[in-house]
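Q: Let me give you the structure first, and then I'll get to my questions.
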Amino acid sequence: MLCSRVEELLSGQAPLLEADYPLTVEREAQHIAAQLLVRQDSAEVSAEPTASDMQSVDVESLEMVRPRTVGVESVGLWAMQQIDFIFHAQG
């Protein structure tokens, strides 16, 4: 549960389905995510890019392997919640 919440925080995307985490889990996840972000930022600052680090990418050649959209799904779930629509998630 804690790892899932930390991953959500680091990804910057809201979860598709709202999860009600206990307060202790939420606090610890926020703390761990903040520490990881600070470490990541300090590592990026200390590593100066060199010419060998730079790459050119043809944007037209890119493919989405696992695209993730949550806009339409989130609106749909919100609308179902507004009318008290009951559904069962399959897993």
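The values are calculated or read from the model by the stated rules, or taken from the named source; none is laboratory data. Being a predicted model, the structure only gives us computed values, none of them experimental. Every residue, glycine as well, gets a Cβ built from its backbone with ideal geometry; the counts of neighbours run over all protein chains shown.
Q: Tally the residues that are at pLDDT 70 or above, touching an Asp or Glu at 6+ places or on another chain (Cβ under 9 Å) and not in a helix (DSSP H, G or I), restricting the search to region 18-62.
A: Selection size over region 18-62: 1.
Q: Condition first: surrounded by fewer than 10 Cβ atoms within 10 Å (Cβ to Cβ), acidic (D, E) and modelled with pLDDT of 80 or more. Can you find one or more residues in region 5-13 that meet it? Steps first, please.
A: Just the residues of region 5-13 that are surrounded by fewer than 10 Cβ atoms within 10 Å (Cβ to Cβ), to begin with: 12.
Cutting the leftovers down to acidic (D, E) gives us none.
No, because not a single residue in region 5-13 is surrounded by fewer than 10 Cβ atoms within 10 Å (Cβ to Cβ), acidic (D, E) and modelled with pLDDT of 80 or more.
Q: Within region 63-91, track down each residue that is of a type in the set (A, V, I, L, M), modelled with pLDDT of 75 or more and either touching a strand residue (DSSP E or B) at 6+ places or on another chain (Cβ under 8 Å) or loosely packed, with under 10 Cβ neighbours inside 10 Å (or both).
A: The answer is V72, I83.
Q: Taking the condition of being surrounded by 11 or more Cβ atoms within 10 Å (Cβ to Cβ) and basic (K, R), how many residues in region 14-39 meet it?
A: Within region 14-39, residues that are surrounded by 11 or more Cβ atoms within 10 Å (Cβ to Cβ) and basic (K, R) number 1.
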